[in-house]
Amino acid sequence: MGRVEGKVAFITGAARGQGRSHALRLAQEGADIIAVDICEDVEGTVYAGATEADLAETVRQVEALDRRIVAIKADVRDFDGLRKAVDDGVAQLGRLDIVSANAGILTSPSNAENFSDETWNTMIDINLSGVWRTAKAAIPHIKAGGRGGSIILTSSEAGLRAYQSAAHYVSAKHGVVGLMRTLALELAPDMIRVNSIHPTQVDTDMIQNEPTYKLFLPDVEHPTREQFAAASQSVNALPIPWVESVDISNALLFLASDEARYVTGVTLAVDAGCFLK
Amino acid sequence: MGRVEGKVAFITGAARGQGRSHALRLAQEGADIIAIDICEAVPENSYPQATEEDLAETVRQVEALDRRIIATKADVRDFAQLKKAMDAGVAELGRLDIVCANAGIGGTPNRAEDIPEDEWTNMVDINLSGVWRTAKAAIPHLKAGGRGGSIILTSSDAGLFAYQNIAHYVSAKHGVVGLMRTLALELAPDMIRVNSIHPTTVDTPMVQNEGTYKLFRPDLEHPTKDDFAAAAVGMNALPIPWVEAVDISNAVLFFASDESRYVTGVPLPVDAGAAIK
């Protein structure tokens, strides 16, 4: 018996990275999956966006676990597209229990006063408002089930404290904490729990790129992965440079399962002790 | 394969309540147990204490799961007793990986200025200094293993915010958070993780007694369990009066397992949303 056997999970940003890892971990423990991803480059990001081939690979890997998956190309900036994806997924899979609002971007660093309106707005629209739209599309289905549920918002260490040169990201990720707490209060009467996860650096495409390396090593012209590893490790208490996607997935699995049936309103750091340093 | 297969856990206050539940949950997932409990009355406590029969029942239930357990009568106020029990347990079971500093008392409610000197010092000696002594006795064994480890400190929602009429309890449980954070930093280089759990009211003998009922219902002369439940549900966001010991054990299991291998320094409420109300 899997730890989320028979449940259905809706996951945004599921084509690769943490989102794919969440889909696989939940499927290993018995859940069916509704997966969405934009499958396109996002203007201003410093790394290539996920592709439709990536999303198809998530589908292949979930199906290899003998679980069902409904995968749809959708953008968290477009509520109608999101709602249609969730509605279709629930129509096919029969219920909704778990939501992983995981889709997010990182764009070029800048001092707060130098961000363009466009760069700022895109960040907030995806990393904060996209999380709200994800919850908005999901809540009616979870309520309709009458069995409660678990909504997990992916924030960041940057949702708990500031980092220079990323005011847009820090503001959006702090906003996610406010949204999490408000949703937790509003949905508690229906036994729908809402929590957030706060990773330190995770070994995914979103951080393994030179512009992100430069955020940690502004004085190095072409920082390497090894130089980034040393700089990244120095912010963590545990002697590791970053965590793996599966570490975030294991925290998500705990929050998604009935083992956490009375855990709500919690900011759970998966951060190698970074917050203490 | 259990989630803590082959590991050894040291648990204080293991004769009944949350401590026994932790022992059973960890044993179900493959751990052997070193259990201690004071097994006698603590003065000024408003409820009967665990007995040697209770501790023997924990032993019986762990052995029924086909796991080994070394149980010793010991008081967390006495470092020599603690160390002797710990050393003997590790000698017998061969290693130490997990520590649950669970032993604690509820005390008797009073305004801060009316708490007698001996009640204050006894509370702090058990609920805060006892946790420090538990860690102190365990750390050399964890370090000697060279495999890292996980120390879980039982704090309380009273470790995150104040409740009137129990200044001694609130102060001790807040102190546990400071200890957790300091230990997490000091032990991170050895991959020993330290986290705290913050329950709302748990359905155990420490809570289910008239003394505690009166803390929540000072308006009634002889409040009943139902009177208490009505008041307790009002503190939580989820519509439940209290959580069960197994809910705390499931959080302990998450922290104890390698699923949280990079989680350290985290205060985790298992509180039905009480902290956000």
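Values quoted throughout were computed directly from the atomic coordinates according to the rules given, and no laboratory measurement underlies them. Note that the coordinates shown come from a computational prediction; the quantities given were computed from them, not determined experimentally. Note that we place each Cβ from the backbone using ideal geometry, even for glycine, and neighbour counts take in every protein chain shown.
Where the centroid of each part is defined by its Cα atoms, how far is segment B:100-118 from segment B:9-71 in Å? Answer, in whole Å: 22. On full extension, the segment bounded by residue A:73 and residue A:91 gains 4.8 nm, given 0.36 nm per residue less the C-alpha separation.
Check which residues have an amide H placed less than 5 Å from residue A:33's amide H, if you skip close sequence neighbours. Residues meeting the amide H criterion: A:9, A:68, A:69, A:70.
Which one of B:26, B:215, B:179 has the biggest mean-square fluctuation once chain B is modelled by GNM with Cα springs under 10 Å? Evaluated over chain B, the most mobile residue of the options is B:215.
Hey, got the dipole for chain A? About the Cα centre, +1 on K and R Cβ, -1 on D and E Cβ, debye to the nearest 20?
1000
Figure legend: label point modelled 7 angstrom from the Cα of residue B:77 along Cα→Cβ; residues of segment B:104-136 with amide N under 15 Å from it are B:104-108, B:116-131, B:133.
State to the nearest 20 debye the size of the charge dipole of the protein assembly as shown about its Cα centre, where the only charges are +1 on K and R beta carbons and -1 on D and E beta carbons. Before the final figure, lay out the partial values.
Values: 51 positive and 73 negative charges, 67 e Å.
Result for the protein assembly as shown is approximately 320 debye, rounded to the nearest 20.
Between B:215, B:167, B:240, the Cα set farthest toward the positive side of the dipole of segment B:152-277 (charges on each charged residue's Cβ, about the Cα centre) is that of B:167.
Residue by residue, segment A:145-150 carries 3J(HN,Hα) couplings of x, x, 10, x, x, 9 Hz when phi is fed to the Karplus relation 6.51 cos²θ - 1.76 cosθ + 1.60 (θ = phi - 60°); x denotes Gly or Pro.
Rounded, prolate or oblate: which fits segment A:158-235, taking a ≥ b ≥ c as square roots of the Cα gyration tensor eigenvalues, rounded meaning a/c under 1.5, else prolate when a/b beats b/c?
On the way: a/c = 3.73, a/b = 2.63, b/c = 1.42.
Prolate, because a/c is 1.5 or more and a/b exceeds b/c.
Under a model in which nothing but the beta-carbon of Lys, Arg (+1) and Asp, Glu (-1) is charged, segment A:1-142 shows a dipole of about 640 debye around its Cα centre. Distance from the Cα centroid of segment B:129-191 to that of segment A:185-226 is 28 Å (rounded to whole angstrom). All other residues whose Cβ lies under 14 angstrom from that of residue B:39 are scored, Lys and Arg at +1 and Asp and Glu at -1, for a net of -4.
The Cα center of segment A:130-156 and the Cα center of segment A:1-64 differ in position by 17 Å. In segment A:18-165, the DSSP beta bridges split such that about 10 percent are antiparallel, to the nearest 5. When chain B is treated as a Gaussian network with alpha carbon springs shorter than 10 Å, the biggest mean-square fluctuation among B:131, B:243, B:194 belongs to B:243. Listed values for segment B:218-234 are Karplus-derived 3J(HN,Hα) couplings in whole Hz (6.51 cos²θ - 1.76 cosθ + 1.60, θ = phi - 60°), namely x, 6, 10, 6, 10, x, 9, 4, 5, 4, 5, 4, 4, 6, 5, 5, x, and x replaces Gly and Pro.
Placing unit charges on the Cβ atoms of the charged side chains and taking the dipole of the protein assembly as shown about its Cα centre, the candidate lying farthest along the positive direction among A:175, B:55, A:223 is B:55.
The shape of segment A:204-277 comes out prolate: with a ≥ b ≥ c from the C-alpha gyration tensor, a/c is at least 1.5 and a/b beats b/c. Averaged over peptide B:251-264, the number of partner chain Cβ atoms lying within 10 Å of each residue's Cβ comes to 6.
Under the rule of at least 5 residues apart or a separate chain, name every residue whose amide H is placed under 5 Å from the amide H of residue B:71. The list, which skips near neighbours in sequence, is B:35. According to the square roots a ≥ b ≥ c of the eigenvalues of the Cα gyration tensor, what is the shape class of chain A, taking rounded for a/c under 1.5, prolate for a/b larger than b/c otherwise, and oblate for the remainder? Cα axes put chain A in the prolate bin.
Each Lys or Arg adds one and each Asp or Glu takes one away; over the other residues whose Cβ falls under 10 Å from the Cβ of residue A:243, this sums to -3.
With Cβ to Cβ distances under 9 Å as the rule, what net charge do the other residues near residue B:202 carry (K, R +1; D, E -1)?
-3
Put simply, the amide H of residue B:99, placed in the peptide plane, has neighbours under 5 Å in B:10, B:150, B:151, B:152, leaving out anything fewer than 5 places away on its chain.
Only one residue of A:204, A:135, A:264 has its Cα farthest out toward the positive end of the dipole of chain A, where Lys and Arg carry +1 and Asp and Glu -1 on Cβ, and that residue is A:264. Only helical runs count toward this figure. For chain B, summing -39,500 (n - 2.57) over DSSP H runs of n ≥ 4 and dividing by all residues gives -13500 deg cm²/dmol at 222 nm.
Per-residue Karplus couplings for segment B:248-262, computed as 6.51 cos²θ - 1.76 cosθ + 1.60 with θ equal to phi - 60°, are listed in order as 5, 4, 5, 5, 4, 4, 4, 5, 6, 7, 6, 4, 10, 4, 10 Hz, Gly and Pro entered as x.
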